[in-house]
1. Which residue is surrounded by the fewest Cβ atoms within 10 Å (Cβ to Cβ), if the candidates are limited to the stretch 67-88 and must be part of a strand (DSSP E or B) and free of Cβ contacts under 8 Å to residues at least 24 places away in the same chain?
2. Quick test of your reading of the structure: F177 fulfils all but one of (1) surrounded by 14 or more Cβ atoms within 10 Å (Cβ to Cβ); (2) in a loop (DSSP other than H, G, I, E, B). Name the failing condition by number.
3. Being crowded, with 18+ Cβ neighbours inside 10 Å, touching a strand residue (DSSP E or B) at 6+ places or on another chain (Cβ under 7 Å) and assigned to a strand (DSSP E or B) is the requirement here; does I111 meet it?
4. With respect to Y151, determine if the residue is within 30 Å of S181 (Cα to Cα), touching a strand residue (DSSP E or B) at 6+ places or on another chain (Cβ under 6 Å) and crowded, with 16+ Cβ neighbours inside 10 Å.
5. Here are the criteria: (1) among the polar types (S, T, N, Q); (2) exposed (fewer than 15 other Cβ atoms within 10 Å of the Cβ); (3) modelled with pLDDT of 90 or more. Tell me which single one S96 does not satisfy.
6. Would you confirm whether or not the stretch 23-39 contains a residue that is under 15 Å from Q102 (Cβ atoms) and either within 24 Å of the chain's Cα centre (by Cα) or touching a residue at least 24 places away in the same chain (Cβ under 8 Å) (or both)?
7. Looking only at the stretch 152-167, which residues are in a strand (DSSP E or B), of a type outside the set (V, I, T) and out of contact with any Ser or Thr (no Cβ under 7 Å at 6 or more places or on another chain)?
8. Where residues in the stretch 184-224 are of a type in the set (V, I, T) and in contact with a strand residue (DSSP E or B) (Cβ under 6 Å, 6 or more places away or on another chain), which of them is farthest from R255 (Cα to Cα)?
Amino acid sequence: MYKDLNILVSSFPIPSPTVRHETEEMVGVDGAINTGTTYDVRTMTAQCKMTAVDAYDYELLRNELFRVMDSKEAFYIVRDIEPGKRWLVKYNGSYSLTQKAQRGKFDIEFISFYPYSESVGRTMDPFTIDSELWQVGMGLIDDDESQIYTYTKTNFRIYNAGDIEVNPRKHDLLVTFKGPSTNLKIKNTTTGDEWSYNETTASGDTIKLYNIKSLKNELSIFSKTNRKLITLAPGWNDFVISGTTGAFTISFDFRYRYF
């Protein structure tokens, strides 16, 4: 409900993903050759009711609604029934209000150019009821280790509770290493991804793998790495770190993504 506008969302179903099957056809061969499948953009329609104080107030609320729904900028939608997930959307096309006295009804379609929702919370946020960031149905499991995303040892596991791979080419992912090292290597043995740095770090240095960037104390070191990226598969990801030469910490900060 948009409380400031006195708008009640009476229905907001989420449709299934739309797939695009890519095929090739060959003369004399029955059917087609499957060359891959991708997901299309996602559209969703909200059925809404708006209540004004009187007919004059109705006009003001309607105009404010048009301003709020300005679709030159994308915005996030969180549904009351799933408060732990959000969609990045724009409104899709025109919509009109059916007015009866000081009340109005309208259906508005939103489009998400990315076919997945994402968790409101990040892995570095507290996994507590008081945080109001999490909900049932987000893939969270009853395992204390699954809620740990900062480690001080060379062998550990990172849990991705989402439905899809976290890929720093497409998604927000921050891996932070602090401490001394020589020829540092960070390997996800589950996916086979390995990132390495060909020089040294001191105890006060910080390395950040932020999306596709490799930074040391906020300066790029991309040319001194193997130019690889770390991805996270759904579920458990086993990691091994080598090249550390003293006490260190490593953390993984990201959101989960869902169908």
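1. Going through the qualifying residues, I end up with Y76.
2. For F177, the exception is condition (2).
3. no
4. Answer is yes for this residue.
5. (3)
6. The answer is no, given that none of the residues of the stretch 23-39 is under 15 Å from Q102 (Cβ atoms) and either within 24 Å of the chain's Cα centre (by Cα) or touching a residue at least 24 places away in the same chain (Cβ under 8 Å) (or both).
7. Result: N155, F156, R157, N160.
8. T200
The values are calculated or read from the model by the stated rules, or taken from the named source; none is laboratory data. Here the structure is a predicted model, which is why all the values come from computation and not from measurement. Note that each Cβ is placed from the backbone with ideal geometry, even for glycine, and that neighbours are counted across all protein chains shown.
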